[in-house]
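Below: one structure, written as structure tokens.
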Amino acid sequence: QVQLVESGGGLVQPGGSLRLSCAASRSIRAYAMGWYRQAPGKQRELVATISSSGSTNYADSVKGQFTISRDNAKNTVSLQMNNLKREDTAVYYCNANFGIVSYWGQGTQVTVSS
């Protein structure tokens, strides 16, 4: 069992930046980690993933804009979001995955508006 808690969300102007963090209750060394988001009225979608070895994958919509990273020593995963757009507005969720086992955080709201 891994508990995940996201933080760092908030209100930001278009073109601004935010850094989201995900803190895990135990070691995440063996887990693939990811960030997903869900906008109002839409289904949850993949934003970025990072494997246990550090390999990253991004949704086409955020390539070159977002960066996912992990710090296994601190049991944390981060998502650096730059040049934010209104379409990035969503609740962002942290995910930990190992085989068929998957854990989700509560989510943190990101609102991009002028």
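Give me the dipole magnitude in Debye, nearest 20, for the stretch 1-61 about the Cα centre, with unit charges on the beta carbon: positive for Lys and Arg, negative for Asp and Glu.
Numbers: 6 positive and 3 negative charges, 29 e Å.
That gives the stretch 1-61 a dipole magnitude of about 140 debye.
Using the charge dipole of the stretch 1-107 (Lys, Arg: +1 at Cβ; Asp, Glu: -1 at Cβ; taken about the Cα centre), state which of Tyr36, Thr49, Ser7 has its Cα farthest towards the positive end.
Ser7
Based on alpha-carbon atoms only, what is the radius of gyration of the chain relative to the globular estimate 2.2 N^0.38 Å? Could the numbers behind the result be given before it?
Working: Rg = 13.2 Å, N = 114, 2.2 N^0.38 = 13.3 Å.
Its radius of gyration relative to the 2.2 N^0.38 Å reference: 1.00.
With a probe of 1.4 Å, find how much accessible area the stretch 1-54 has per residue, and write the answer as a whole number in Å². Don't skip to the end; give the middle numbers.
On the way: 2980 Å² over 54 residues.
That works out to 55 Å² per residue.
What accessible surface, in Å², does a 1.4 Å probe find on Thr76, ignoring ligands, DNA and RNA and rounding to the nearest 10?
40
Between Ile100 and Asn83, what length comes free when the chain is fully extended (0.36 nm per residue of separation minus the Cα-Cα distance, one decimal in nm)?
Details: separation 17, 0.36 × 17 = 6.12 nm, distance 3.46 nm.
The span from Ile100 to Asn83 would gain 2.7 nm if fully extended.
Mind checking which aspartates and glutamates have their C-alpha under 14 Å from Lys42, skipping anything on the same chain fewer than 8 residues away?
Leaving aside aspartates and glutamates fewer than 8 places away in the same chain, those within reach of Lys42 are Glu87, Asp88.
Considering only protein heavy atoms and a probe of 1.4 Å, how much of the accessible area of the chain is carbon and sulfur, as a whole percent?
Values: 2850 of 6120 Å².
Roughly 47 percent, rounded to a whole number.
Placing +1 at every Lys and Arg Cβ and -1 at every Asp and Glu Cβ, with all other atoms neutral, what dipole size does the chain have around its Cα centre, in debye to the nearest 20? Don't jump to the answer; show the numbers that get you there.
Working: 11 positive and 6 negative charges, 25 e Å.
I would put it at about 120 debye.
For the stretch 86-114, list residues with backbone N below 20 Å from a point placed 7 Å from the Cα of Leu11 toward its Cβ?
86-92, 108-114
The values are calculated or read from the model by the stated rules, or taken from the named source; none is laboratory data. Keep in mind that what you see is a predicted model, and the values were worked out from it rather than measured. Backbone-built Cβ (ideal geometry, glycine too); neighbour counts: all protein chains shown. Note: accessible area is taken over every heavy atom of the protein model, side chains too, but ligands, DNA and RNA are not part of it. Shrake-Rupley method; radii C 1.70, N 1.55, O 1.52, S 1.80 Å.
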